[in-house]
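Below is one structure; the comments refer to it alone.
The values are calculated or read from the model by the stated rules, or taken from the named source; none is laboratory data. A quick note: this is a predicted structure, and the numbers were derived from the prediction, not measured. Backbone-built Cβ (ideal geometry, glycine too); neighbour counts: all protein chains shown. Please note that ligands, DNA and RNA were not included when accessible areas were found on the heavy atoms of the full protein model with its side chains. Shrake-Rupley method; radii C 1.70, N 1.55, O 1.52, S 1.80 Å.
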Amino acid sequence: MKGEKFKVKDVKTKILSNREIAPGYFKMALDAPYIAKNARPGQFVQVRCSDGFDPFLRRPFSIHRVKGEGSRVKEVEILYEIIGKGTEILSRKKAGETIDILGPLGNGFTLPPSTLHPPPSTLIVAGGIGVAPLVFLAEKLAEIRITVLLGAKTKKLILCEKEFKKLGAKVHITTDDGTRGCKGFVTDLFKKMLCAMPALSGVEGRYAPCAVYACGPRVMLECIADMCVKKDVECEVSLEEKMACGIGACLGCAVRVKGERSRAEDSYIYKLACKDGPVFKANKIIGRQV
């Protein structure tokens, strides 16, 4: 939850498993008790992909899940796509090898109060590898009504459908090529579902309370953030930014957001995705800067 801070640790951890779950997509499990116990949905870790200096910089990965019960919580999972040299090296790692990770980092999602009755309907929207931080979130929302919208290019690249269904979530799927679920973009389905939400009695143009959480490509997040702001629906988006240091030192992941003391559209400040995010409220994002 936002506001809770824990000491970031650089740990050498053992790889428990590293398997391909879809073409080009891998899930890695790590024995990292400290990070597992202190992580919150939406936070991430910085991973050193090799033992040498190539690649020199660590790579950021959302904390996909943590596993274990009570004091035995010790396993961290990351979900990643092979998109460059670092992730290609990571994909060749074997169970039993060790790897260096830094975390937990960043600010995560804000969870709805557990005292709300009836519980708010919650929409989780994932585009491709953007699903990575959202399973952990769904596990924390297990007692809230969850609807999940999964978008992928084709049916072979649909990720984490089973995991969401095990949590009791209602899952809807869209594929760009129509090979599974609705044909088109996940934002098209999201728009239909948002418009179908019941309006608040006596308040024209406003909609019943609903928390929306999203992660995916920039264009997808732009669209979702814009729709939620217009409908006055609470929404948080997790930005997929390139991060060099992960701790706010290099200033390489600056994001333009609305000034905190002004509602003017042209009043803005810069915040860092790695330190102030990667999760931001949709109504703070200026224009097409998501």
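Please compute the net charge surrounding Cys49, taking Lys and Arg as +1 and Asp and Glu as -1 over other residues with Cβ under 11 Å from its Cβ.
For residues surrounding Cys49, the net value is +2.
I'd like the distance separating the alpha-carbon centroids of the range 143-172 and the range 22-53, in whole Å.
The distance from the Cα centre of the range 143-172 to that of the range 22-53 comes to 22 Å.
Determine the dipole magnitude for the chain: charges of +1 sit on the beta-carbon of Lys and Arg, -1 on that of Asp and Glu, nothing else is charged, the reference point is the Cα centre, and the result goes in debye to the nearest 20.
Using Cβ point charges on Lys, Arg, Asp and Glu, the chain gives about 320 debye.
For the chain, which whole-number percentage of the solvent-accessible area (1.4 Å probe, protein heavy atoms only) is attributable to carbon and sulfur atoms?
That fraction is 52 percent.
Considering only Gly106, Gly84, Gly246, give the residue with the highest GNM mean-square fluctuation for the chain, with springs between Cα atoms whenever their separation is below 10 Å.
Of Gly106, Gly84, Gly246, the Gaussian network model singles out Gly84 as fluctuating most.
What shape does the range 57-183 have by the C-alpha gyration tensor, where a ≥ b ≥ c are the square roots of the eigenvalues, rounded means a/c under 1.5, and otherwise prolate means a/b greater than b/c and oblate the rest?
The shape class here is oblate.
What distance in nm lies between label points placed 7 Å from Cα along the C-beta direction at Asp176 and Arg145?
Taking the simple label geometry, Asp176 and Arg145 are separated by 3.4 nm.
Kirkwood Rh over Cα pairs of the chain into Stokes-Einstein at 4 °C, 1.567 mPa s: D in µm²/s? Write out the running numbers ahead of the final one.
On the way: Rh = 19.6 Å.
In µm²/s, the coefficient rounds to 66.
With charges set only on the Cβ (+1 for Lys and Arg, -1 for Asp and Glu), what does the dipole of the range 8-109 come to about its Cα centre, in debye to the nearest 20?
220 debye
Please give, to one decimal in nm, the separation of the simple spin-label points placed at Asp232 and Met193, each 7 Å out from Cα toward the Cβ.
Computed distance between label sites Asp232 and Met193 equals 2.3 nm.
Assuming a ≥ b ≥ c are the square roots of the Cα gyration tensor eigenvalues, decide whether the range 26-82 counts as rounded (a/c under 1.5), prolate (otherwise, with a/b larger than b/c) or oblate.
Prolate.
Go ahead and collect, in residue order, the members of the range 179-195 whose backbone nitrogen is under 12 Å from a label point 7 Å along the Cα-Cβ direction of Lys155.
Backbone N within reach: 179-182.
Given a 1.4 angstrom probe, what's the average accessible area per residue across the chain, in square angstrom? Mind showing how you got there, number by number?
Values: 14650 Å² over 290 residues.
Counting only protein heavy atoms, the per-residue value for the chain is 51 Å².
Towards the positive end of the charge dipole of the range 124-192, with charges on Cβ (+1 Lys, Arg; -1 Asp, Glu), say which of Leu167, Leu149, Gly181 has the farthest Cα.
Value computed over the given set: Gly181.
What percent does the relative contact order of the range 1-114 come to when contacts are Cα pairs within less than 8 Å and at least six residues apart?
Averaging sequence separation for qualifying contacts and normalising by length gives 40 percent for the range 1-114.
Determine, for each peptide in 154-161, 232-239, the mean count of other beta carbons within 10 angstrom over its residues, then list the peptides with the highest first.
Going from most to least packed, we get 232-239, 154-161.
Enumerate the lysines that Lys183 could reach by cross-link, defined here as Cα to Cα under 24 Å, with residues fewer than 8 away along the same chain left out.
Within the straight-line cut-off, Lys183 pairs with Lys153, Lys155, Lys156, Lys162, Lys165, Lys170, Lys191, Lys192.
Fully extended, how many nm does the chain gain between Lys165 and Lys14 (0.36 nm per residue separation, minus their Cα-Cα distance)?
Gain on stretching Lys165 to Lys14: 51.4 nm.
With r as the distance between the Cβ atoms of Ile247 and Ile83 and R0 = 22 Å, compute the FRET efficiency 1/(1 + (r/R0)^6) and round to 0.05.
Efficiency for this residue pair is about 0.45.
Can you tell which of Met243, Met220, Met193 shows the greatest fluctuation in a Gaussian network model of the chain with Cα springs below 10 Å?
So, out of Met243, Met220, Met193, the one fluctuating most is Met193.
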